[in-house]
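Contents: one structure, followed by commentary.
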Amino acid sequence: MSYYRGDAAQLSTVGGKMFTERGTGVFVKLEDFLSILAKIEQPLVIITSEGYFTKIYKYVTAYKGFVFFAESLDKLEFGSNIEVIYAQSLCTDI
């Protein structure tokens, strides 16, 4: 059984690691996302919101070569030790 769909992504090898055009991403629960942030020495979080009547806040950070995504109906406030970038949109289709 093959899990690779040739039309989904163009594979390439860089430094012995496999990458795709879409990258490697993991969608996690919000509490797991916050736990990951606590492990990062100099965390960076990218934030966006979507929705007209109900806002959904999306959060992204990178840790150990993976990109972690989380969503929340509540806007989180981060401490001054966390660098925050507000984006117009995020693609979480992984």
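The values are calculated or read from the model by the stated rules, or taken from the named source; none is laboratory data. Quick caveat: nothing in here was measured; it's all calculated off a predicted structure. No Cβ is skipped: glycine too gets one built from the backbone with ideal geometry, and neighbour counts run over all protein chains shown. These area figures cover heavy atoms from the full protein model, side chains too; ligands, DNA and RNA do not enter into them. Shrake-Rupley method; radii C 1.70, N 1.55, O 1.52, S 1.80 Å.
Of the residues making up region 50-63, just one is polar (S, T, N, Q) and surrounded by 13 or more Cβ atoms within 10 Å (Cβ to Cβ), namely 61. One residue stands out among those in region 35-49 that are open to solvent by 30 Å² or more (accessible area, probe 1.4 Å) and within 12 Å of the chain's Cα centre (by Cα): the one that is nearest to residue 73 (Cα to Cα), which is 46.
For beta carbons closer than 8 Å, sequence separation of 6+ or different chains, a first residue in region 36-51 that is closer than 10 Å to residue 63 by Cα and a second that is polar (S, T, N, Q) and open to solvent by 20 Å² or more (accessible area, probe 1.4 Å), the qualifying pairs are 43/81. Give me the residue from region 29-73 that is among the basic types (Lys, Arg) and assigned to a loop (DSSP other than H, G, I, E, B) and, out of that set, farthest from residue 86 (Cα to Cα). So, considering only residues that are among the basic types (Lys, Arg) and assigned to a loop (DSSP other than H, G, I, E, B), the one farthest from residue 86 (Cα to Cα) is 64.
Output yes when any residue across region 5-16 is modelled with pLDDT of 90 or more and among the hydroxyl-bearing types (Ser, Thr, Tyr), and no when none is.
Checking region 5-16: not a single residue is modelled with pLDDT of 90 or more and among the hydroxyl-bearing types (Ser, Thr, Tyr).
Answer yes or no: is there a residue in region 71-93 that is at pLDDT below 90, of a type in the set (Lys, Arg) and open to solvent by 70 Å² or more (accessible area, probe 1.4 Å). Within region 71-93, not a single residue is at pLDDT below 90, of a type in the set (Lys, Arg) and open to solvent by 70 Å² or more (accessible area, probe 1.4 Å).
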